[in-house]
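Notes to accompany the following structure.
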Amino acid sequence: MAATEQTVEQVRAVTEQKYKYGFTTEIESDLAPKGLNEDIVRFISAKKGEPEWLLEWRLQAYRHWLTMEEPTWAMVDFPKIDYQDSHYYAAPKAAKDKPKSLDEVDPELLATYEKLGIPLKEQAILAGVEGAGEMPAVAVDAVFDSVSVATTFKKKLEEKGIIFCSISEAIREHPELVRKYMGSVVPYSDNYYATLNSAVFTDGSFVYIPKGVRCPMELSTYFRINASNTGQFERTLIIADEGSYVSYLEGCTAPMRDENQLHAAVVELVAMDDATIKYSTVQNWYPGDENGKGGIYNFVTKRGACRGKNSKISWTQVETGSAITWKYPSCILQGDNSVGEFYSVAITNNYQQADTGTKMIHIGKNTRSTIVAKGISAGKAQSTYRGLVRILPKAEGARNYTQCDSLLIGDKCGAHTVPYIESRNRTARVEHEATTAKISEDQLFYCRARGLSEEDAVGLIVNGFCREVLKELPMEFAVEAQKLVAISLEGSVG
Amino acid sequence: MLEIKNLHATVDGKEILKGINLTINPGEVHAIMGPNGSGKSTLSYVLSGRDGYEVTEGSVTFQGKDLLAMEAEERAAEGVFLAFQYPVEIPGVSNTTFLKTALNAVRKHKGLPELDAMQFLKLIRAKAKALNMNDDMIKRAVNVGFSGGEKKRNDILQMAMLEPSFAILDETDSGLDIDALKLVADGVNSLRSPERSMLVITHYQRLLSYIVPDHVHVLAYGRIVRSGGKELALELEAKGYAEFGSPEAA
């Protein structure tokens with residue numbers, strides 16, 4: 001019997017035993033058996049040594065999930081997911097499944113790394129080569145010694161009282177904070193995927209910025225050495241206390257090798273009085289091949305609560321990967337004068353489908369929100385902007401500005417805009433602008449007549465189209481994102 | 001420099017160029033004049049390699065190479081430049097980004113090192129100043145919100161940066177008032193050199209008072225029907241194109 005199967009058997013035995021006798025046995029295995037039930041939820045919780053209240057919360061979520069239906073309103077089409085056919089807990093992948101060296105990695109993946117200018121060592125980590133991850137992964141960073149960066153970084157943060165760790169560590173070390181805030185923005189009953197996540201999340205990031213502290217550097221999962229195997233149900237919680245500031249970067253411009261098809265993450269942000277959170281994402285999960293085979297389903301719930309007055313939450317996302325994207329980073333503008341922003345670029349090529357947008361819920365007085373969404377479709381892809389601007393009765397003087405621009409490349413793709421606006425306050429002002437354009441033959445020829453190849457021309461034109469969003473990204477991220485925009489559209493013309 | 005032999009070309013299956021012969025030597029400025037629909041713009045697109053213009057017969061040799069075998073971007077890199085009748089807008093892409101990408105693509109083709117941001121900025125500022133263009137104009141998105149005159153000057157700035165050996169000016173005078181025309185013509189004249197040839201396409205003699213050609217050709221209904229010196233332009237201005245017939249006769 002192969003080692004993995006044996007392990008599965010052992011775990012199954014253990015969990016069944018638990019069912020009869022209570023959950024006391026020490027589990028040594030790293031892989032939960034396939035399927036989802038209360039025992040698996042208990043298994044995950046026990047594996048992570050969680051307190052009783054969290055297990056209860058997970059179980060509540062699981063029981064609620066059983067009563068829910070998968071949402072069907074999004075403009076995406078995919079075969080039904082068999083939720084019993086997955087492993088819900090897998091500690092770092094078994095070494096025997098990993099490629100032994102870069103020679104065993106898909107050459108197309110490597111070609112993309114090459115174009116992004118990623119150093120070899122880092123390529124190996126991203127591709128999941130066995131042993132490669134033992135050296136701490138720090139992206140963008142060929143210059144610095146990554147170990148020292150990570151160390152000085154941790155020290156600097158501790159001096160300021162900033163907590164930045166995995167959510168598992170936070171549950172152990174700072175249970176009072178986690179208990180107070182987790183589920184306070186995205187409750188366990190929120191939606192099908194978020195509820196599933198609440199039941200079975202395995203890891204993620206936790207950030208707490210104390211009162212009056214300006215986080216001295218961009219926080220990124222890159223720097224958290226253990227973060228590379230957080231798995232498919234990530235849970236992130238960021239709290240910015242009064243008068244604090246933090247900029248958080250999520251994701252990676254390089255396509256990640258990943259065998260989990262379904263990703264259902266939850267991100268919760270809480271901003272107190274006068275606090276600002278800037279959350280930037282570059283998502284480049286495997287989109288499937290040019291025939292639409294394979295690829296990640298990215299069903300993510302991201303929400304920020306501007307709890308305090310004058311607080312601000314800004315989402316910037318560049319979405320180029322995944323076969324299916326279902327994602328609506330939102331802001332609940334509760335505090336008076338609070339500000340919500342959403343800047344988004346969603347690029348779909350081949351058979352990719354993206355249904356993405358935002359919700360801005362105006363509750364407090366003089367709350368303001370800005371939405372700039374750019375959708376680019378090529379090949380046979382479908383891209384939808386779906387947004388909700390809701391002004392509640394007490395939101396005197398609320399303002400929203402929404403701009404949705406779609407760019408089509410070729411004649412087999414689609415772009416759709418679905419804006420919902422609900423205003424229940426007479427003093428509110430809501431603006432919506434939408435455009436749809438195609439890359440013109442004139443523009444392409446103009447560029448080529450100046451010496452640019454067709455692909456470079458498309459990259460340049462699309463980057464121009466996305467400029468308002470890309471400029472919101474932190475500098476080093478923006479440069480990579482520009483390259484990524486061009487690469488993800490390769491082969492879309494001509 | 002450039003040798004066009006018996007060039008025939010069709011657009012959407014319709015023959016527009018019906019056997020053009022033209023030789024341009026280094027440093028020469030040739031003007032092509034002709035009535036609407038004579039094939040002037042088609043000639044400029046065929047030479048610069050635009051898709052949709054099909055060459056059915058003949059050859060074009062540029063500096064000893066078969067020009068027609070090259071893609072548009074290769075021609076640009078080899079030193080062919082087309083100043084557009086209607087320069088195109090590219091929203092969100094700054095002039096500097098656009099030109100830096102273009103210049104480095106051309107330099108790469110020539111085996112020259114790419115310019116870094118500082119070297120490039122120094123160069124573009126100097127060239128822009130010579131064309132009376134301010135810093136603001138070079139930072140703005142390519143041709144977006146530019147007046148007609150500004151767009152044409154912008155094209156000439158691109159030419160000054162890319163330093164082609166052969167430039168085609170396609171109705172550069174269209175839509176320009178006299179002051180703008182002078183500015184553009186000054187820019188073009190400053191780029192004249194013994195190594196650089198130009199083909200100036202225009203309806204009117206007016207432009208040729210500012211950019212004085214060595215040779216003038218009349219293109220009518222797909223053929224060059226007459227060639228002469230700069231005085232031919234004046235004669236055409238006086239008599240019009242009537243003597244060269246009508247499309248039916250061709």
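The values are calculated or read from the model by the stated rules, or taken from the named source; none is laboratory data. Just so you know, these numbers come straight off a predicted model, no measurement behind them. Positions of Cβ are generated from backbone atoms using ideal geometry, with glycine treated the same way; all protein chains shown enter the neighbour counts.
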Turns out the strands (runs of 3 or more DSSP E) fully within segment B:169-238 with at least 2 residues that are in contact with a helix residue (DSSP H, G or I) (Cβ under 6 Å, 6 or more places away or on another chain) are B:215-220
In segment A:359-397, anything touching a residue at least 40 places away in the same chain (Cβ under 8 Å), farther than 18 Å from residue A:322 by Cα and not in a strand (DSSP E or B) is listed as A:364, A:367, A:395
Being among the basic types (Lys, Arg) and part of a loop (DSSP other than H, G, I, E, B), is that true of even one residue in segment A:319-333?
no
For residue B:198, which of the numbered conditions (1) at pLDDT below 95; (2) of a type outside the set (Gly, Ala, Ser); (3) more than 22 Å from residue B:105 (Cα to Cα) fails to hold?
(1)
Pull up segment A:470-481, narrow it to residues that are touching a residue at least 24 places away in the same chain (Cβ under 8 Å) and more than 10 Å from chain B (Cβ to nearest Cβ), then point me to the one that is surrounded by the fewest Cβ atoms within 10 Å (Cβ to Cβ).
A:476
How many of the residues making up segment B:147-164 are part of a helix (DSSP H, G or I) and over 12 Å from the mean Cα position of the chain (by Cα)?
10
Can you pull out every residue in segment B:165-213 that is within 13 Å of the chain's Cα centre (by Cα), closer than 20 Å to residue B:76 by Cα and of a type in the set (Asp, Glu)?
B:170, B:171
Of A:409, A:363, A:371, the only residue that is aliphatic (A, V, I, L, M) and buried (at least 24 other Cβ atoms within 10 Å of the Cβ) is A:371
Residue B:23 fails exactly one of the following numbered conditions: (1) without any contact (Cβ under 8 Å) to a residue 40 or more places away in the chain; (2) within 14 Å of another protein chain (Cβ to nearest Cβ). What is the number of that condition?
(2)
Residue among B:43, B:47 that is crowded, with 17+ Cβ neighbours inside 10 Å, away from chain A (no Cβ under 14 Å), on the phi < 0 side of the Ramachandran plot and part of a helix (DSSP H, G or I)
B:43
Tell me, which helices (runs of 4 or more DSSP H) wholly within segment B:75-143 include 2 or more residues that are touching a residue at least 24 places away in the same chain (Cβ under 8 Å), at the interface with another protein chain (Cβ under 8 Å from one of its Cβ atoms) and surrounded by 19 or more Cβ atoms within 10 Å (Cβ to Cβ)?
B:95-109
A careful count of residues in segment A:395-404 that are in contact with a strand residue (DSSP E or B) (Cβ under 9 Å, 6 or more places away or on another chain) and surrounded by fewer than 21 Cβ atoms within 10 Å (Cβ to Cβ) gives 4
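Being in a loop (DSSP other than H, G, I, E, B) and either more than 8 Å from every other protein chain (Cβ to nearest Cβ) or within 17 Å of residue B:10 (Cβ to Cβ) (or both) is the filter; apply it to segment B:50-74 and report the residue that is nearest to the chain's Cα centre (by Cα).
B:50
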What pairs come out if I take residues in segment A:247-264 that are at pLDDT 60 or above and pair them with residues that are of a type in the set (Asp, Glu) whose C-beta lies under 7 Å away, six or more apart or interchain?
A:247/A:218; A:249/A:218
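Return the only residue of B:231, B:195, B:235 being of a type outside the set (Phe, Trp, Tyr), under 19 Å from residue B:25 (Cα atoms) and surrounded by fewer than 16 Cβ atoms within 10 Å (Cβ to Cβ).
B:195
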Within segment A:442-464, the residues that are more than 8 Å from chain B (Cβ to nearest Cβ) and among the aliphatic types (A, V, I, L, M) are A:444, A:457, A:458, A:462
Regarding segment A:419-439, can at least one residue be identified that is surrounded by fewer than 20 Cβ atoms within 10 Å (Cβ to Cβ) and facing chain B (nearest Cβ under 10 Å)?
yes
